[in-house]
1. Could you pull out the residue among A:ALA163, A:ALA188 that is at pLDDT below 75 and farther than 30 Å from B:ASP35 by Cα?
2. Output the residues belonging to the stretch B:190-209 that are modelled with pLDDT under 65 and either open to solvent by less than 30 Å² (accessible area, probe 1.4 Å) or not in a helix (DSSP H, G or I) (or both).
3. How do the pairs read when you match residues in the stretch A:97-116 that are more than 9 Å from chain B (Cβ to nearest Cβ) and at negative phi with residues anywhere that are open to solvent by 60 Å² or more (accessible area, probe 1.4 Å) and of a type in the set (Gly, Ala, Ser), using Cβ under 7 Å and keeping only pairs 6 or more apart or on different chains?
4. Taking the stretch B:163-198 as the search range and keeping residues that are at the interface with chain A (Cβ under 8 Å from one of its Cβ atoms) and β-branched (Val, Ile, Thr), which one is nearest to B:ALA147 (Cα to Cα)?
5. Report, by residue number, each residue of the stretch A:145-173 that is aromatic (Phe, Trp, Tyr) and open to solvent by 70 Å² or more (accessible area, probe 1.4 Å).
6. Restricted to the stretch B:13-45, and to residues that are exposed (fewer than 13 other Cβ atoms within 10 Å of the Cβ) and facing chain A (nearest Cβ under 10 Å), which residue is modelled with the highest pLDDT?
7. Is there any pair linking a residue in the stretch A:67-96 that is within 11 Å of chain B (Cβ to nearest Cβ) and under 18 Å from A:ARG109 (Cα atoms) to one that is open to solvent by less than 100 Å² (accessible area, probe 1.4 Å) and β-branched (Val, Ile, Thr), with Cβ under 6 Å and at least six apart or on different chains, and which?
Amino acid sequence: MNCHEFESGLDVLLTGPIGPKTRAALEHHAGTCASCSDLLALARLPNQEPDDFTTGVLNRTSGAACRQAEESLPDFAANVVLPEGDQELLAEHLEHCRTCSGLVRELERLAADLPRLSIVQPEISLLADVLRRTLPVPVRLRRWWTATWPQSVRRPRFASELAFAATLVIVVIFGSPVSPLQAMPERAFEMVRTESFEQLEHFEVLRAAAREAIGARLQATVDSGTQSVQSLAAASRSKIGTILEEIASWFENAEDEPPAKANPTTEETS
Amino acid sequence: MPELRQQESTGSGPASLLPNIFDYSDLIARCRRGDDLAWEALVRRLEGRVYAIALHYLRDREEARDAAQDIFVRLYQKLHTVRDDKPFLAWVMKISRNLCVDRLRRLSVRTPAHSVPLEDAPEPTVRLPSPEESCLNSARDRLVYHALGTLSERNREIILLKDIQELKLVEIADMMSAPLGTIKSRWNRARLELAKAVRRLEPSEEAAL
């Protein structure tokens, strides 16, 4: 073995697996060659680099590798298989970098801690509020009615409030500009005054509309109103007829009387 | 103020004492037939989870409570649209997320849309737990909750859906209408940002390790 062959095999002698024959040949050559013996002694010196040596070199060359390492830390912490070689390089980096190794530990803790936050019980159960908002309307109304009606009736002011509400309803029904019933009384009297008596039958139409609009209770009121109007109309007609007959008879009598008595009659007429 | 309890994911708490003979599909089928008892049971089962989602999004107890109610009302109205071939919880999360995001927009209290560099964040100081954090039992949970609050809304949301509610990335991508690869890389960034935030808020924990 010559010196060149020794230098080629030096790496294997120091780090790698080596066969006994090769090891014996290399060590024999180092024992016979002073230069190669010194080289082997130097190579076997323990590492004496300072702690911040690599950091200093990296700062003056490529910069810290943490930024690149961070990209893979979440997968590394979750035991996701990284591309070939990345896993080993990252593991080596983590051996020396406290910041990144701390991040990996934190990521592992968070993976265990975060699912605990998935359920947080509210201070007061949401159930009552949710059920109140989601129950069917009839059920809600029945519950509300059962709970509030007895107390409302027992209040002293209930009678006056009820009277006020009823008055308000009547005013709204008959007094509102948009109410179909607003013109009903005026229309009835107008028909009696200006149209023939037979057209009062149109009142039946209004009565049907009223029945639909306000129901059977109001129908009784309308019926009585109809009877009153009809009787009033009949009375009016008979009275008007009587007056007309009296006027006609008066004119007939006036024509039959002698002209001498016409002057006083004219004065009376005027 | 009574101490709030946090139901563990292991199932401790009053709800777990009840016989668990119905799964979600049974309850939903009964709800569709108008079974009020089934709806009540469903609300009880989902209450903590829905409230947690609202709390993580809105980070305000009262707002979260109102939002959780709205979510349940929406669920009730849309129960007939649930498809049996779709995971029910993911559907619940989707509705919850949409309502919370809408509410956030209305409130205009959203966190910055961009990530705040951790180096620019203010130095941690001695602080008392917020009312929201008092819902959580352990100091560690409060710390994590507080750290979540320092994240951007986007990163917090991905942590909420993936790590807290344990949805699948595919479901989240579908929910957010984003490509799966985008969601995956966003999730990695969010986890790393959260880990940094926790270590920055509580450096003594690292020293104790």
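1. Values: A:ALA163 fails: at pLDDT below 75.
Result: A:ALA188 is the single residue among A:ALA163, A:ALA188 that is at pLDDT below 75 and farther than 30 Å from B:ASP35 by Cα.
2. If the condition is that a residue be modelled with pLDDT under 65 and either open to solvent by less than 30 Å² (accessible area, probe 1.4 Å) or not in a helix (DSSP H, G or I) (or both), then B:LEU209 is the only one that fits.
3. Qualifying pairs under 7 Å: none.
4. B:VAL198
5. So in the stretch A:145-173, the residues aromatic (Phe, Trp, Tyr) come out as A:145, A:149, A:158, A:164.
Listed by number, the residues that qualify are A:TRP145, A:TRP149, A:PHE164.
6. Out of the qualifying residues, it is B:GLY34.
7. Cβ pairs passing all conditions: A:LEU73/A:VAL104; A:ALA77/A:VAL104.
Matching residues to (1) in a loop (DSSP other than H, G, I, E, B); (2) more than 26 Å from B:TYR145 (Cβ to Cβ); (3) within 14 Å of chain A (Cβ to nearest Cβ); (4) touching a Ser or Thr at 6+ places or on another chain (Cβ under 8 Å):
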residue: B:LEU79; (1), (2), (3), (4): no, yes, yes, no
residue: B:ASP85; (1), (2), (3), (4): yes, yes, no, no
residue: B:ALA90; (1), (2), (3), (4): no, no, yes, no
residue: B:ASN98; (1), (2), (3), (4): no, no, no, no
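The values are calculated or read from the model by the stated rules, or taken from the named source; none is laboratory data. Since the structure is predicted, the reported quantities are computational estimates derived from the model, not experimental observations. So basically every Cβ, Gly included, is an ideal-geometry build from the backbone, and we count neighbours across all protein chains shown. Just so you know, the surface numbers come from the protein's heavy atoms only, side chains and all, with ligands and any DNA or RNA stripped out. Shrake-Rupley method; radii C 1.70, N 1.55, O 1.52, S 1.80 Å.
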